[in-house]
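Enquirer: Okay, handing you the structure first.
The values are calculated or read from the model by the stated rules, or taken from the named source; none is laboratory data. Keep in mind the model is a prediction, meaning the values are calculated, not measured. Every residue, glycine as well, gets a Cβ built from its backbone with ideal geometry; the counts of neighbours run over all protein chains shown. When the accessible area is computed, the model is the full protein with side chains, heavy atoms only, and any ligands, DNA or RNA have been set aside. Shrake-Rupley method; radii C 1.70, N 1.55, O 1.52, S 1.80 Å.
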Amino acid sequence: MPFLALIRRDLAIAFRTGGGGALGVAFFVIAATLVPFGVGPLPELLSRIAPGMLWIAALLSCLLTLDRLFQADVEDGSMDVLALSPVPLELVVLAKCIAHWLTTGLPLLLAAPVMALTLRMPEVSYPAMIASLALGTPALSLIGAIGAALTAGMRRGGVLTAVLVLPLYVPTLILGALAVNASAMDLPAAPYLMLSGAITLAALPLAPFVAAAALRLAIR
Amino acid sequence: MWSFANPNKFMRVSGALLPWIAGIAVLLAVWGLYQAIYVVPPDFKQGDGARIMFVHVPAAAMSIIVYFIMCLCAVFALIWRHPVAYLSAKAAAPIGAAFTLLALVTGAIWGKPMWGAWWVWDARLTSELILFFFYIGYIALWDAFDDTDKAATATSYFCLVGSVFAFLAKYSVDLWDTLHQSSSMTIGTIATEEKLANEFKTPLLIMIAAFYLYFLTLWLIRVRSEIRLRRIQAIRQAAVIE
């Protein structure tokens with residue numbers, strides 16, 4: 001299975017050179033730690049803004065790791081080989097997105113409850129937070145792949161990727177934070193979770209095509 | 001229609017049309033603004049403050065329409081790879097961004113006395129702001145490439161991805177019930193359903209037409225200068241080769 005081999009390759013690269021998802025999680029933890037320094041340590045205030053802050057921290061940590069998604073492969077020529085291989089480039093992109101999510105989105109699911117604890121998030125909203133991150137972060141990797149592919153051939157694409165991708169992240173962020181906030185107020189979180197999942201499901205078939213088309217430009 | 005894709009024919013026809021379009025735009029704007037400022041009675045609730053509507057509504061409408069025009073150009077550019085198509089999309093972007101900024105600024109000036117705040121995080125305002133970010137991203141992406149063909153294709157993809165948000169901006173007031181009022185102007189509805197009195201509607205339609213033609217004027221000027229720029233580059237390259 002070349003598809004699984006691609007995922008395994010990207011995971012191996014991530015674990016051997018970048019410490020797996022450790023750096024992304026470290027960024028997430030530090031970013032969430034900055035919140036009490038910025039707004040003050042009042043428990044009521046922190047527990048009110050915790051869902052949104054955790055989501056913003058998750059989004060930023062996903063954004064920061066996007067530049068490694070295609071850039072290194074485009075620079076050292078691996079992407080040319082992958083594009084020439086019998087596997088469609090769309091599937092290559094999808095494999096890279098899955099590997100990216102496994103190393104950035106998935107570890108966040110484990111780190112988020114700990115940070116929620118320090119931010120005094122209400123206990124009732126823990127399940128909704130885990131569910132919203134599990135449903136929403138795959139969309140971040142998939143949509144982010146579009147921005148990463150558009151800027152893959154550039155020397156300084158980092159800031160541009162952020163400018164292109166952040167507006168696209170807005171619906172995911174709004175729905176994810178709404179789900180957690182709703183559960184904190186004893187309202188059903190399911191509608192927001194379903195919409196979050198809908199974005200991920202819509203991005204799953206669409207984003208790889210756009211990203212692959214943009215990648216073909218970068219290696220042309 | 002396809003014959004206009006020929007840059008030479010485009011330059012000839014657009015050059016001939018340009019003074020007429022610009023002239024009609026000026027006439028309509030003068031007439032519409034005169035109506036809006038001196039003829040239309042003050043609003044029942046908002047007084048003279050409602051007159052900003054005659055700039056705000058056309059600007060907001062154009063901000064969305066220009067994005068859709070860019071998407072159309074992007075589709076033409078991706079399918080037929082035609083220079084006039086992608087240069088048109090490129091030329092429209094800064095104008096669209098300016099209309100969006102104008103809509104946001106006039107909205108803020110209108111919002112301060114009526115809602116008591118310059119800005120509210122309401123669906124219409126937020127989606128309009130995100131649309132503005134898309135214009136900025138689009139312009140930045142054009143500047144980031146050295147190669148025009150690559151830039152044209154990449155920006156076309158980005159433009160089509162962003163169309164989702166243009167739709168959101170268009171329908172946000174009808175989808176979510178928030179502070180910003182929903183669309184109060186429909187063409188062809190019966191009088192009882194009409195939310196906007198006719199004495200407001202006519203000048204507003206005139207202003208929208210003026211904004212349209214103003215956009216068309218700027219757009220044609222910008223596309224023409226982009227085409228000329230490409231010609232200069234081609235001549236320079238030829239000179240270098242010789």
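Enquirer: Before we move on, is B:Trp115 more than 12 Å from chain A (Cβ to nearest Cβ), of a type outside the set (Val, Ile, Thr), over 23 Å from A:Gly158 (Cβ atoms) and within 22 Å of the chain's Cα centre (by Cα)?
Expert: When the stated conditions are applied, B:Trp115 does not pass them.
Enquirer: Answer with yes or no whether B:Ser184 is more than 19 Å from the chain's Cα centre (by Cα), among the hydroxyl-bearing types (Ser, Thr, Tyr) and modelled with pLDDT under 75.
Expert: Yes; evaluated as a whole, the condition is true for this residue.
Enquirer: Could you tell me whether any residue of the stretch A:116-127 is more than 15 Å from A:Val25 (Cβ to Cβ) and of a type in the set (Phe, Trp, Tyr)?
Expert: Yes, the stretch A:116-127 has at least one match.
Enquirer: Does the stretch B:76-95 hold any residues that are among the aromatic types (Phe, Trp, Tyr) and either within 22 Å of B:Pro58 (Cα to Cα) or open to solvent by less than 20 Å² (accessible area, probe 1.4 Å) (or both), and which are they?
Expert: Answer for the stretch B:76-95, where residues must be among the aromatic types (Phe, Trp, Tyr) and either within 22 Å of B:Pro58 (Cα to Cα) or open to solvent by less than 20 Å² (accessible area, probe 1.4 Å) (or both): just B:Tyr86.
Enquirer: More than 11 Å from A:Val163 (Cβ to Cβ), crowded, with 19+ Cβ neighbours inside 10 Å and either within 9 Å of chain A (Cβ to nearest Cβ) or not charged (D, E, K, R) (or both), is that true of B:Leu141?
Expert: So B:Leu141 does not fit the description; no.
Enquirer: Looking only at residues in the stretch A:10-65 that are touching a Gly at 6+ places or on another chain (Cβ under 8 Å) and among the polar types (S, T, N, Q), which one is surrounded by the most Cβ atoms within 10 Å (Cβ to Cβ)?
Expert: Taking the candidates together, the pick is A:Ser61.
Each row is one residue, and each column tells you yes or no for (1) open to solvent by less than 20 Å² (accessible area, probe 1.4 Å); (2) farther than 26 Å from B:Thr148 by Cα; (3) in contact with a Leu (Cβ under 7 Å, 6 or more places away or on another chain).
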{"residue": "B:Asp48", "(1), (2), (3)": "no, yes, no"}
{"residue": "B:Phe54", "(1), (2), (3)": "yes, yes, yes"}
{"residue": "B:Ala74", "(1), (2), (3)": "yes, no, yes"}
{"residue": "B:Ala97", "(1), (2), (3)": "yes, no, no"}
{"residue": "B:Ala103", "(1), (2), (3)": "yes, yes, no"}
{"residue": "B:Trp110", "(1), (2), (3)": "no, yes, no"}
{"residue": "B:Met114", "(1), (2), (3)": "no, yes, no"}
{"residue": "B:Asp122", "(1), (2), (3)": "yes, yes, yes"}
{"residue": "B:Thr126", "(1), (2), (3)": "no, yes, no"}
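Enquirer: Here is a follow-up. Could you look through the stretch A:66-80, keep only residues that are buried (at least 17 other Cβ atoms within 10 Å of the Cβ) and more than 19 Å from the chain's Cα centre (by Cα), and pick out the one that is farthest from A:Leu217 (Cα to Cα)?
Expert: Of everything passing the filter in the stretch A:66-80, A:Asp73 is farthest from A:Leu217 (Cα to Cα).
Enquirer: Something else now. Return the residues of the stretch A:116-147 that are out of contact with any Ser or Thr (no Cβ under 8 Å at 6 or more places or on another chain), surrounded by fewer than 23 Cβ atoms within 10 Å (Cβ to Cβ) and of a type outside the set (Val, Ile, Thr); say none if nothing qualifies.
Expert: Within the stretch A:116-147, A:Leu117, A:Glu123, A:Tyr126, A:Ala131, A:Ala134 qualify.
Enquirer: Find the residue count for the stretch A:111-130, including only residues that are under 16 Å from A:Asp186 (Cβ atoms) and of a type outside the set (Ser, Thr, Tyr).
Expert: 7
Enquirer: Quick one: what pairs do we get from the stretch A:133-155, first residue closer than 19 Å to B:Asp146 by Cβ and within 12 Å of another protein chain (Cβ to nearest Cβ), second of a type in the set (Ser, Thr, Tyr) and part of a helix (DSSP H, G or I), C-beta under 6 Å, 6+ apart or different chains?
Expert: A:Thr151/A:Thr161
Enquirer: Working only within the stretch A:67-118, note down all residues that are of a type in the set (S, T, N, Q) and in a helix (DSSP H, G or I).
Expert: A:Gln71, A:Ser78, A:Thr103, A:Thr104, A:Thr118
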